[in-house]
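The values are calculated or read from the model by the stated rules, or taken from the named source; none is laboratory data. In this text the structure is predicted, and so the values were computed from the model without any measurement. Using ideal geometry, Cβ is built from the backbone for each residue, glycine included, and neighbour counts are taken over all protein chains shown. Please note that ligands, DNA and RNA were not included when accessible areas were found on the heavy atoms of the full protein model with its side chains. Shrake-Rupley method; radii C 1.70, N 1.55, O 1.52, S 1.80 Å.
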Amino acid sequence: MKVLLVEDEVKLAQSLEKGLKAEGFAVDRAEDGLRGLEIALGCRHDAVILDVMLPFMDGFEVMTRIRQQRCKVPIILLTARGSLEDRIKGLDLGADDYLPKPFEFRELMARLRAVMRRPPSEPQLALRVADLELDVGRRELRRAGVVVPLRAKELALMELFMRRKGLVLSRSMILDHVWPSDSDYGDASNLVDVYVAQLRKKIDAGRDPKLLQTLRGIGYVLRDPA
Ligand code: CA
């Protein structure tokens, strides 16, 4: 799952980025409104965390323009404490939620999870494919009822595969969703291969049927044999 963070307070942005990464999110960052808008309009993020007071273009304007482009990405606004007007304006303009500064990181996480599970096409909290079950809120994967311990990046990969079960995902598609856009990956396809191999070992080794399959030269697919 990929998040765009638009925040000009560098220290805050860095600490949020660190926290989000630890929770398994890929993070793209922008430090002013114009750049944030430019990145957001690619509409490739699962959520946007958007500060209101930003250089060049404020968060309200950024959000208005994102909505004008019919990009339905969930947006959480970071507003100044006590500014009721800002909050009402934000919600009127199409924010999914707002968070007054300063806030606790875990509160941001709770709201982020809430807005990300809100889209009508994906209302469920648990994703199921065959005997795999991913509890999205608790970040816990089970196969046949047994917990499979996964690291943050593996969880993000698993969630991507489960949300798109039966669909072939190319390496670049996987990179795009699970890793930040501006990373220097070195050999990117190799990186995806390594992570998918680790994930497969954890979910499929010693178990049948094999769910995570390779299509040589094309990509990967998580199949439900039923
Ligand atoms: Ca600011």
Task: Contour excess over end-to-end distance, with Cα ends at Arg164 and Arg44 and 0.36 nm allotted per residue - done: 41.7 nm
- [ ] Keeping the other protein chains in place, figure out the carbon and sulfur percent of the accessible area of the stretch 26-151, with a 1.4 Å probe.
- [x] 51
TODO: Mind giving me the FRET efficiency for Leu91 and Ala114? R0 is 22 Å, r the Cβ-Cβ distance, nearest 0.05 is fine.
DONE: 0.95
TODO: For the stretch 1-90, just say rounded, prolate or oblate: build the C-alpha gyration tensor, square-root its eigenvalues into a ≥ b ≥ c, call rounded for a/c under 1.5, and beyond that prolate if a/b exceeds b/c, oblate if not.
DONE: oblate
Open item on the list: On a straight-distance basis, which aspartates and glutamates could pair with Lys101 in a cross-link, Cα separation under 19 angstrom, same-chain partners fewer than 8 positions away excluded?
Closed with: Glu7, Asp8, Glu9, Glu17, Glu31, Asp32, Asp51, Asp58, Glu85, Asp86
TODO: Measure off 7 Å from each Cα along the Cα-to-Cβ vector at Val146 and Asp204, then give the distance between these two points in nanometres to one decimal.
DONE: 1.7
- [ ] Under a cut-off of 13 Å between alpha-carbon atoms, report the aspartates and glutamates in cross-link reach of Lys18, not counting same-chain residues fewer than 8 places apart.
- [x] Asp28
Task: Test item: Cα-centred dipole of the chain, Lys/Arg +1 and Asp/Glu -1 on Cβ, debye - done: 1020
- [ ] Let me have the relative contact order for the chain, percent, based on Cα pairs under 8 Å that are six or more residues apart.
- [x] 17
Task: Rounded accessible area per residue of the chain, 1.4 Å, Å² - done: 51
Open item on the list: If you only keep lysine pairs separated by 8 or more in sequence, or across chains, how many in the stretch 126-222 come under 16 Å at the Cα atoms?
Closed with: 5
Task: Proximal lysines to Lys72, defined as alpha-carbon separation beneath 19 angstrom and excluding residues fewer than eight positions away on the same chain - done: Lys2, Lys89
- [ ] Rank-order 138-146, 39-47 by packing density, defined as the average count of other C-beta atoms within 10 Å over each peptide's residues, highest first.
- [x] 39-47, 138-146
